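Student: Quick one: this structure, given as structure tokens, is what I'll be asking you about.
The numbers here are math on the coordinates, done by the rules we state, and not lab data. In this text the structure is predicted, and so the values were computed from the model without any measurement. Note that each Cβ is placed from the backbone with ideal geometry, even for glycine, and that neighbours are counted across all protein chains shown.
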């Protein structure tokens, strides 16, 4: 469902260009992440709304079809440089780069404050590191600082492609504010497990006899090997739950975790021996 950009800016659909601009400036000033009372998510949302409603062509497209043309220059993705003083990403006809610079200027008592550039780095994690969290050190370079080592605390349960923002850890400039450091996380795929929210999913294949009679299987978890009891008469598609073997809940005690779900597939034999066929016929005669 398309976002309601008018609602985000708090203006009616028939609002004038001037009203839209005033609403944007007020909200961007309120939510800017460099303020103590800022809200980064809302700041980005307000920017996104104005990048469409502040442009005549994009606004007409949005009013007609409920979305902006992807080829018109509007992109809903997150760009760390949007929070610096480089406003080239907003150079549409309806957007005045001075809007945001005026906002940033007013935040700091009417003075134009210089700000260092944001720095972006990539790190790669194993699947297990992404689940339980880890600590990493990265070396960053900038135009004004040769090298510096930064320690990163990666929280548990982080997803592939997720961004970590470290305020004030970017480029530093004399007499100005430091930029931010953005760390993009890449998680290597696990051969067994898939992550869905706070839960882990894995597949298990059983023989027909194991599904009919039940079986105990040793399976590997991220905490070590456990014994899983599969009840008799288990059908293909059955999902067995192993409590507390999933992803740790963010900001909670270490023993609070999601679960591990084991999805069962029953493999049928392609050919039956004479004895096996006779046994199946016997089961058939008994109504199985």
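Student: Using 0.36 nm per residue of separation minus the Cα-Cα distance, give me the extension gain between residue 242 and residue 65 in nm, one decimal.
Tutor: Working: separation 177, 0.36 × 177 = 63.72 nm, distance 4.66 nm.
In short, 59.1 nm is gained.
Student: With contacts defined as alpha carbon pairs under 8 Å and 6 or more residues apart, what's the relative contact order of segment 119-187 in percent?
Tutor: Details: 139 pairs, mean separation 27.6, N = 69.
Relative contact order of segment 119-187: 40 percent.
Student: Starting from the Cα of residue 205, step 7 Å along the direction of its Cβ; do the same at residue 235; then give the gap between the two resulting points in nm.
Tutor: Modelled inter-label distance: 2.2 nm.
Student: Find how much the distance from residue 124 to residue 41 grows on full extension, using 0.36 nm per residue of separation minus their present alpha carbon separation; answer in nm with one decimal.
Tutor: Working: separation 83, 0.36 × 83 = 29.88 nm, distance 2.50 nm.
Taking 0.36 nm per residue and subtracting the Cα distance, the gain is 27.4 nm.
Student: If you count, for each residue, the other Cβ atoms within 10 Å and average over each peptide, how do 121-131, 222-232 line up from highest to lowest? Walk me through the numbers before you get to the answer.
Tutor: Numbers: 121-131: 16.8, 222-232: 11.8.
Going from most to least packed, we get 121-131, 222-232.
Student: When all alpha-carbon pairs of segment 119-187 are counted, what percent fall beyond 19 Å?
Tutor: Numbers: 791 of 2346 pairs.
Roughly 34 percent, rounded to a whole number.
Student: Then there's this: For residue 281 and residue 268 in the same chain, what is the full-extension length gain: residue separation times 0.36 nm, less their Cα-Cα distance, in nm? Walk me through the numbers before you get to the answer.
Tutor: Values: separation 13, 0.36 × 13 = 4.68 nm, distance 1.55 nm.
Between residue 281 and residue 268, full extension yields 3.1 nm more.
Student: Could you tell me the calculated FRET efficiency between residue 192 and residue 166, based on Cβ-Cβ distance and R0 = 41 angstrom, to the nearest 0.05? Mind dumping the intermediate values first?
Tutor: Numbers: r = 32 Å, r/R0 = 0.79.
With R0 = 41 Å, the Cβ-Cβ based efficiency is 0.80.
Student: Compare the peptides 10-22, 177-189, 156-168 by average per-residue count of other Cβ atoms within 10 angstrom and give them in order, highest first. Before the final figure, lay out the partial values.
Tutor: Details: 10-22: 13.3, 177-189: 18.3, 156-168: 15.0.
Sorting 10-22, 177-189, 156-168 by mean packing, highest first, produces 177-189, 156-168, 10-22.
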